[in-house]
1. Can you find, within segment 332-364, the residue that is nearest to THR314 (Cα to Cα) among those that are part of a helix (DSSP H, G or I) and of a type in the set (Ser, Thr, Tyr)?
2. What are the residues in segment 15-53 that are of a type outside the set (D, E, K, R), in a loop (DSSP other than H, G, I, E, B) and closer than 24 Å to GLY437 by Cβ, if any?
3. With respect to ASN200, is the statement that it is under 16 Å from PRO172 (Cβ atoms), surrounded by fewer than 17 Cβ atoms within 10 Å (Cβ to Cβ) and without any contact (Cβ under 8 Å) to a residue 12 or more places away in the chain true?
4. Restricting attention to segment 374-390, and to residues there that are over 11 Å from ILE347 (Cα atoms) and of a type in the set (Phe, Trp, Tyr), which single residue is farthest from the chain's Cα centre (by Cα)?
5. Considering only residues that are among the hydroxyl-bearing types (Ser, Thr, Tyr), within 26 Å of LYS380 (Cα to Cα) and modelled with pLDDT of 90 or more, which ones fall in segment 414-434?
6. Would you confirm, using the coordinates I've provided, whether PRO37 is farther than 29 Å from VAL187 by Cα and at pLDDT below 95?
7. Looking at segment 232-248, which of its residues are touching a residue at least 24 places away in the same chain (Cβ under 8 Å), hydrophobic (A, V, I, L, M, F, W, C) and closer than 21 Å to ILE117 by Cα?
8. Quick one: ARG278 ticks every box in (1) of a type outside the set (S, T, N, Q); (2) within 22 Å of the chain's Cα centre (by Cα); (3) modelled with pLDDT of 95 or more; (4) assigned to a loop (DSSP other than H, G, I, E, B) except a single one, so which number is it?
Amino acid sequence: MRIHFIAIGGSAMHNLAIALHKKGMLVTGSDDFIFEPSASRLARYGLFPSESGWRPEVINRQLDAVILGMHARADNPELLRAQELGLRIYSYPEYIYEQSKDKFRVVIGGSHGKTTITSMILHVLNYYNHEIDYLVGAQLEGFDTMVKLTDSAPVIIIEGDEYLSSAIDRRPKFHLYNANLAVISGVAWDHVNVFPTFENYLTQFSIFIDTIMPDGELIFCEDDAELVKMVNEKKNLKATGYQIPLHAIENGITHLEPGHQELKIFGNHNLMNLSAARQVCERLGISIPEFNEAIKSFKGASKRLELLFSDENTNVYKDFAHSPSKLKATIEAVKTQFEERKLVACIELHTFSSLNKKFLLQYHDTMFNADNPIVYIDKKTFEQKNIIPFSETDIKNAFNDKRITYFDNADNLAQYLLELDFSHTNLLLMSSGNYGGMDLGKLARELNNN
């Protein structure tokens, strides 16, 4: 099989390219710019494009398929050439389904927690050496790539993103997988550039439920009132809810009950994710005691409450949280785990949704549990997205929090943090961006030296 990737450098795209290469297919690809770590990983497998940019001359009738990334526009010259030749063009979720249509497909959806739930499932199955294929949105410890596709694995675990599939396929990705077993972790409005109202966004999850195979099952979070209402309105749907499991917190460590089993993760959000993963693993033949034994060693998904520094007085965490629901849940998790410590919480607003003035109101009261709430927006982000910058008053009013300190310069933010007293205080740094290129690990170490 000869496969060509248009926009091969994307996070999911380059992992799929590597997976198909490992499967023995002849893979080529193009892109206008490829960032790290995609560039190094493609180069390691001999898949890095020989030239930068789009080259319609590489598109020919010998190709069995063209896979189109979300980064490529509808007028991409390679795409136009493929359409002219009548080649089979797939979005990457379409091709994942094409490769897994004869497997048992587990699809994890939800506005938050889906990467962690998927990671937990993979960790447990890997612990017991189960043969599985997968698609997950983070690099996991013990896994070489974020995508694995084989002919032999009977099951595939798929993280089901609700964002659009490609420039010419405006369906949400998770609509294309046709799950045998589906999970929805909760629904909180996101991607306002594509789904302009919450009702429109909610509809995508209703459609996702409708794509479950006739003999399939939905596992869903019972704490989400809108989701419960949606599930109850569905006829002939086999659905099972889940809740936060019994647990106890002692000296900053969470234990599962009964059994007082120590975990490396913490927070109600993570515990809820654990419940979802445990139900999925049960359906795949893993008993509850087996699951509990394996999950003890799970350290968390990449960039999810990742511990950058720790001593007897201070923990510094990095987290991917950026949407209102994730922000609130992550702050609550750290504050609950360390009730005796103060919490300095900093959120970088970076996505198109979070920089939408109407959507900004969704952040109302989300930082209430932080002792020192900080909001950072790189002023260059406003320029790049052609958005009128917010004022400090805009931020404080939207968050309904007059305590917030606002920064639009990374150096000024770093200096402010370095001047704070972090005795008996934790620091939580949250973003889907990179804080203007700030070295967060170096910052964490310097805080300790102060």
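The values are calculated or read from the model by the stated rules, or taken from the named source; none is laboratory data. Keep in mind that this is a model prediction, so the values were computed, not measured. Quick reminder, even Gly has a Cβ in these numbers, built from the backbone with ideal geometry, and neighbours come from all protein chains shown.
1. THR336
2. Of everything in segment 15-53, those that are of a type outside the set (D, E, K, R), in a loop (DSSP other than H, G, I, E, B) and closer than 24 Å to GLY437 by Cβ turn out to be PHE33, ILE34, PHE35, PRO37, PHE48, SER52.
3. Answer is yes for this residue.
4. Residue satisfying both the conditions and the ranking: PHE390.
5. TYR416, SER431
6. Yes, satisfied.
7. Of everything in segment 232-248, just one residue is touching a residue at least 24 places away in the same chain (Cβ under 8 Å), hydrophobic (A, V, I, L, M, F, W, C) and closer than 21 Å to ILE117 by Cα, namely ILE244.
8. So ARG278 meets the others, but not (4).
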